[in-house]
Structures are given as structure tokens and as C-alpha cells.
Amino acid sequence: MSEQPAAVSGIEANFAYYRECFENPSRQQGAEAEGLFDSSDFRLAYEDPRTTMLDIPTDDSLRTVPLLAPLRNYGDANLDFYNRYAGSRPLMYYNHLSTPFQQSPQAYIAALRPALRQLAAQNGVIVFNHTDLEAHTVNAELTAITDASGLRLTDIHGPEGAATKHYHYASIATPIEKTDVPSTPVSLYSAYAQLPDVLQDANVTVSATLPIKDIEQVWGFYEQAFAELTANDPVQAGFSEKDFKNLMQDPSFVKFVYREGNTIGNINIQTDVRNLPWMNQYYYRTTFPQYEQGLVFCSPGVITNPELRSPSMTIRSASMLGKLIVRSGAESIITFACDTESNKQVPGLARIGLKKGGLQTNFSKPVSHQLFRMASIAAKS
């Protein structure tokens with residue numbers, strides 16, 4: 001065990017090893033990378049004196065990765081959500097690393113045991129998450145860790161409770177009918193420029209960038225909409241104002257904009273999944289040949305104006321996406337993630353809209369779930 005790393009000169013190599021613990025062929029991969037520290041979160045945890053680190057010998061070096069760190073180091077965590085259930089108790093984020101645990105369970109437990117016992121003495125809480133595909137493995141390994149430490153975990157807001165899941169969908173998009181398409185696939189922008197008038201939608205336009213006045217209008221309801229989502233979700237939803245405005249002017253994010261007069265009612269944003277680091281790139285790269293061609297389309301958000309809220313807006317923007325994919329001439333994948341609330345409608349609306357645009361998809365069930373858990377930790381009586 002290493003309470004603090006002696007130096008940060010190897011932090012990039014340690015981060016790469018940490019990612020490999022999650023992204024490797026021995027694991028059952030989910031579609032979302034939630035729960036993994038990004039490079040900035042990793043550095044915060046790495047340099048925090050309260051983080052418990054694990055030293056792992058490899059063939060040519062020693063790797064050091066964080067196991068248990070203050071929750072504040074996980075930048076996507078919704079602290080208000082967790083504090084609602086944990087109160088004033090200490091909150092620690094736990095990275096469950098099955099690969100090093102399976103390689104050397106005794107060393108893994110020895111590194112973690114003192115910190116877990118200290119947290120139990122403080123009536124603390126651990127926060128962690130995992131996919132439904134690995135629930136059995138994670139639970140079994142956690143039980144081995146706590147049993148060997150004389151501790152027990154009790155879920156506070158269990159994996160089957162409200163607002164504890166993210167749902168991941170991915171489907172091949174197949175044209176329903178044969179259509180004249182370019183001999184060489186074209187971009188969505190080119191497909192839109194060539195779209196026949198009969199297929200245009202008077203309310204839906206496709207844009208690479210938005211003018212400042214439109215960005216300001218959308219930000220006016222975006223912030224409120226995603227604040228409502230975040231209130232009941234363990235992960236911070238949406239972008240900061242700066243990141244949002246940059247995205248609205250970034251052509252790699254295609255904007256399907258629904259308007260009623262001068263009022264924007266809905267924006268469906270689509271981009272190459274490779275532009276979204278919170279999605280599991282390993283999963284998409286190893287599952288879909290379309291990945292390397294930039295043909296896995298993912299939405300980082302469908303933004304709806306609460307004053308004009310209507311399912312038809314989402315359907316019509318999805319329909320336009322379907323029309324463009326059909327006419328791009330490329331076999332594509334459509335993927336997205338939902339929280340508990342959006343999962344009630346979004347998969348169905350996406351399927352209906354894309355079908356109206358000429359695409360057959362299957363969002364009847366998620367390809368994976370991400371389970372977000374909190375557990376109090378205490379000594380066994």
C-alpha cells in the first residue's frame with residue numbers, strides 16, 4: 001500500500017494502466033464509461049493525501065492507482081444527490097478494479113483494509129458503480145474484501161432503487177426501403193444539402209454552428225432543464241455554460257434544430273461517439289466495425305424548451321436524422337444513454353422518429369445498464 005505516491009512523474013503511465021483495468025477483453029463491457037476517472041479527476045485523486053493507493057508490480061515497472069478517494073475528486077458526481085442520502089457522513093469514491101484484485105487478492109485487500117476500517121469507524125459511506133453485466137463479479141469480490149476486513153456493507157440507495165441507473169442503447173440503423181444513395185458515402189451535412197424539397201421539414205433545420213442569439217436562447221432553458229435532471233441523478237447532467245457555447249459552435253456536433261417561428265423548441269445534437277469521452281470507447285471500437293469510420297452516431301443531449309414541450313418535436317428531429325443517414329449511403333450505428341427519467345420516453349420516441357425518416361432500429365432493451373450505488377460501511381457485530 002502507498003498512502004501517497006512519491007512523485008507524479010509517472011502519472012500518465014499510471015493513468016493508462018488504470019484505464020486498461022477497465023478497458024480489456026476479460027471484462028464484460030458496458031456502453032458508458034461512467035465511474036472511470038478522467039485524466040484530471042485521476043490526478044486530483046492521485047495527489048490527494050486522503051486517497052488510498054494500490055501499488056501493482058508489472059513486467060517492467062510499478063504502477064500506482066487510486067482505490068478509495070474523496071468523492072469530490074470524481075468531477076461528474078452530483079454531491080447534492082449523495083448528500084441527500086448520506087447526510088453529513090464522509091463520502092468516499094471506490095474504484096473497483098477486478099483485474100488487479102484477481103491477480104493478487106491478498107495484496108489488494110491489504111492495501112484497502114486500513115482505509116475501509118477507518119471509514120467504518122467514522123460511520124462513512126462508499127460510492128461506487130458498475131454495469132449490470134458485472135454485478136455478480138463485483139458483489140462477490142466486494143464481499144471477499146469486506147469479509148476479510150471484518151466489515152459489512154449496507155446499500156443506502158440500492159441498485160434497483162429510483163434514479164440509480166443509466167440505460168445504454170445501441171442499434172444498427174437499417175434503411176426500410178431501397179433508396180438511391182451516393183456511390184461514395186457522404187456526411188450528414190452533405191446529405192442535408194442534397195435533400196429533396198419533398199423530404200424537407202419546415203420546422204427542422206440542420207446546422208453546423210448556431211448564431212450567438214440562438215445559443216443564448218437555448219442556454220436560457222438548457223440550464224433549467226438539465227438542473228432538473230441532475231437533481232434526481234447521481235451524475236451531473238449537461239455541460240457548463242462555457243462548454244455548451246463551445247459545443248454549439250463546433251461543427252463536429254450536428255444540430256437538428258426545431259423552431260416555431262423565432263422560438264427554438266428542441267435541439268437534437270448528434271456526433272461521432274469518438275468525440276464523447278464518457279462513452280466507453282473500447283466497447284464501441286471492439287463491437288462495431290463502423291466505429292473507425294466515424295459512423296457510430298451518439299447524442300450528448302436532446303434539449304427541449306419547457307414552454308413548447310411536445311413529443312412531436314423530438315420525433316421530427318429524429319426523423320430528419322433518419323432521412324440524412326439513409327441518404328448518406330453509409331451503414332451506421334445509433335447510440336445514446338438515458339437516465340431513469342428520460343428512459344421512460346426517449347427510446348420509444350427515437351425509434352418512432354427514425355422510422356418516420358426511413359430507418360429501422362431496435363431500442364427495445366438496453367445493451368447495458370450502469371448501476372450507481374451508495375453503501376454504509378460498518379464493523380461486523
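So the values come out like this:
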item	result
The stretch 210-245 and the stretch 314-378: distance between their alpha carbon centers, rounded to Å	20 Å
Leu195/Ala227 FRET efficiency (R0 30 Å; Cβ-Cβ; nearest 0.05)	0.25
Kirkwood-Stokes translational diffusion coefficient of the stretch 205-358, alpha-carbon pairs, 4 °C, 1.567 mPa s, µm²/s	81 µm²/s
Those lysines that a straight Cα-Cα span of less than 25 Å connects to Lys355, excepting residues fewer than 8 apart in one chain	Lys178, Lys255, Lys323, Lys344, Lys365
Carbon/sulfur fraction of accessible area - the stretch 11-132, other protein chains in place, 1.4 Å, %	47 percent
Packing-based ranking, highest mean first, of 277-289, 237-249 given that Cβ atoms within 10 Å are counted	277-289, 237-249
Percent of beta bridges antiparallel (DSSP, the stretch 1-160, rounded to nearest 5)	75 percent
37 °C / 0.692 mPa s Stokes-Einstein diffusion coefficient of the stretch 129-246, Kirkwood radius on C-alpha pairs, µm²/s	163 µm²/s
Residue with peak Gaussian network fluctuation, the chain [Cα springs, cutoff 10 Å], from Ser312, Ser98, Ser368	Ser312
Charge tally in the Cβ shell below 13 Å around Gln200, where Lys, Arg are +1 and Asp, Glu are -1, Gln200 excluded	+1
Distance-filtered residues of the stretch 313-356 - backbone nitrogen under 16 Å, label point 7 angstrom along Thr263 Cα→Cβ	313-314
Area projected by the alpha carbon convex hull of the stretch 242-314, averaged over all directions, nm²	6.0 nm²
C-alpha long axis of helix 135-148 to longest principal axis of the chain, angle in °	20 degrees
Linear extension gain, Gln122 paired with Ser240, 0.36 nm per residue minus alpha-carbon span	39.1 nm
Probe 1.4 Å, protein heavy atoms only - accessible area per residue of the chain in square angstrom	45 Å²
For a label point 7 Å along the Cα-to-beta-carbon line of Glu12, residues of the stretch 31-71 with backbone N under 11 Å	none
Global size of the stretch 41-119 as Cα Rg and Dmax, reported in angstrom	13.7, 45
Considering only the chain, percent of DSSP beta bridges that pair antiparallel, nearest 5	90 percent
Per-pair calculated FRET efficiency, R0 = 30 Å: Ser39 and Ala379 via Cβ, rounded to 0.05	0.25
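The values are calculated or read from the model by the stated rules, or taken from the named source; none is laboratory data. Worth saying up front: this structure is predicted, and the values here are computed from it rather than measured. Don't worry about glycine lacking a Cβ; one is built from the backbone with ideal geometry, like all the others, and counts go over all protein chains shown. With ligands, DNA and RNA removed, areas are computed over all heavy atoms of the protein, side chains included. Shrake-Rupley method; radii C 1.70, N 1.55, O 1.52, S 1.80 Å.
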